[in-house]
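A.B. asks: Let me give you the structure first, and then I'll get to my questions.
The values are calculated or read from the model by the stated rules, or taken from the named source; none is laboratory data. It should be emphasised that the depicted structure is a prediction, and the values quoted were computed from it without experimental measurement. Cβ coordinates were reconstructed from backbone atoms using ideal geometry, including for glycine residues, and neighbour counts include every protein chain displayed.
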């Protein structure tokens, strides 16, 4: 293995032993004799990380259009790896949640070695199931307010560098991954942001199970890349402008500014831009105007609530993931799932109950801002 880590801060140092451990395992795959499936999440973070690892070892890549590794996914992977010697499954940027636990157990029962590389807060003991687990949330409760900033794509790029990958290429992909998930652990520029947007745009149009070759080809053709970037950006801007026309603002006693964005009629299921992209664009615009104000931005459809928080809101004690977890518990009959990071998260709502869940979310956020514990 080689040195030359992309980051040298305290968190990177704590993650380094596990990065080295997983790198040693992946280096053993260079001969191509160990059958391996790499499932990567369908966003810029997951795709960039998968592209970094693709230069290290041979694997069968599968795009995962869900944050949950389902029993159906596990059965498919068990079938694809049937009768293979020492099979391995790597999950990148998803799978460390309670909803994935049963599927992970199936893989283990089938004799498959499992590696999960994720940056979402683990739940339901899912982090105890894989043979190897790399997640910055292992260090929660220390000095890091947002372990999720050390995104999965960045972690994969560190593994790639440890395996001998070109450092500059890995750094470029890591910046793209960070840009996609709004992480500031690595300095990014306009080019990184554009690459992340294009990957997200492409992923939104590509079906489950896609491999990486399509993304690699598009990113390598400058004329096609620029054309897609323009189309992607223009569509987000148009949708965000429409959304802001109907935006509602409230302010809690704790100084928290809450904006709610009605996305019904603007977002079309399965099409670009998604509710999360529109909410993020509006949030970015508002945050630029209200830089000194704690801000919580909530985009809502009939089936989901999307949350974005700025640093000032986090300083008040708010966390998108914690809000999602609290609402899941308090409105168990109305909510299907949810989670996220400190500054970004989502709640999946049962049809017909979005208004009630939104109301409870607003009350809970206001309660925390007021320190009404």
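A.B. asks: Starting from the stretch 58-83, keep only residues that are on the phi < 0 side of the Ramachandran plot and not assigned by the TED database to the domain that holds residue 216, then list their pairs with residues that are in a loop (DSSP other than H, G, I, E, B) and at pLDDT 95 or above whose Cβ atoms are within a distance under 8 Å, requiring at least 6 positions of separation or different chains.
C.D. replies: Sorted first by the residue in the stretch 58-83, then by its partner, the list stays empty.
A.B. asks: Restricting to the stretch 95-127, give me the number of residues that are under 27 Å from residue 185 (Cα atoms) and not in a loop (DSSP other than H, G, I, E, B).
C.D. replies: Summing the residues that are under 27 Å from residue 185 (Cα atoms) and not in a loop (DSSP other than H, G, I, E, B) in the stretch 95-127 gives 5.
A.B. asks: Here is a follow-up. Being surrounded by fewer than 17 Cβ atoms within 10 Å (Cβ to Cβ) and touching a helix residue (DSSP H, G or I) at 6+ places or on another chain (Cβ under 7 Å) is the filter here, so list the residues in the stretch 298-323 that pass it.
C.D. replies: 302, 317
A.B. asks: If you take the residues in the stretch 199-230 that are touching a helix residue (DSSP H, G or I) at 6+ places or on another chain (Cβ under 8 Å) and under 15 Å from residue 274 (Cβ atoms), which one is modelled with the lowest pLDDT?
C.D. replies: Residue satisfying both the conditions and the ranking: 206.
A.B. asks: Among 99, 20, which is the only one that is modelled with pLDDT under 95 and in the same structural domain as residue 168 (by the TED database)?
C.D. replies: 99
A.B. asks: Which one is modelled with the lowest pLDDT, of the residues in the stretch 128-143 that are in a loop (DSSP other than H, G, I, E, B) and in contact with a helix residue (DSSP H, G or I) (Cβ under 6 Å, 6 or more places away or on another chain)?
C.D. replies: So the residue we want is 140.
A.B. asks: When the residues of the stretch 1-25 are narrowed to those that are part of a helix (DSSP H, G or I) and in contact with a helix residue (DSSP H, G or I) (Cβ under 7 Å, 6 or more places away or on another chain), which ends up farthest from residue 206 (Cα to Cα)?
C.D. replies: Step by step, filter the stretch 1-25, then rank; the result is 14.
A.B. asks: What is the one condition in (1) free of Cβ contacts under 8 Å to residues at least 24 places away in the same chain; (2) buried (at least 18 other Cβ atoms within 10 Å of the Cβ) that residue 108 does not satisfy?
C.D. replies: Against the list (1) free of Cβ contacts under 8 Å to residues at least 24 places away in the same chain; (2) buried (at least 18 other Cβ atoms within 10 Å of the Cβ), residue 108 comes up short only on (2).
A.B. asks: Which ranges mark the strands (runs of 3 or more DSSP E) fully within the stretch 291-373 that have 3 or more residues being touching a residue at least 60 places away in the same chain (Cβ under 8 Å)?
C.D. replies: Correct list: 335-340.
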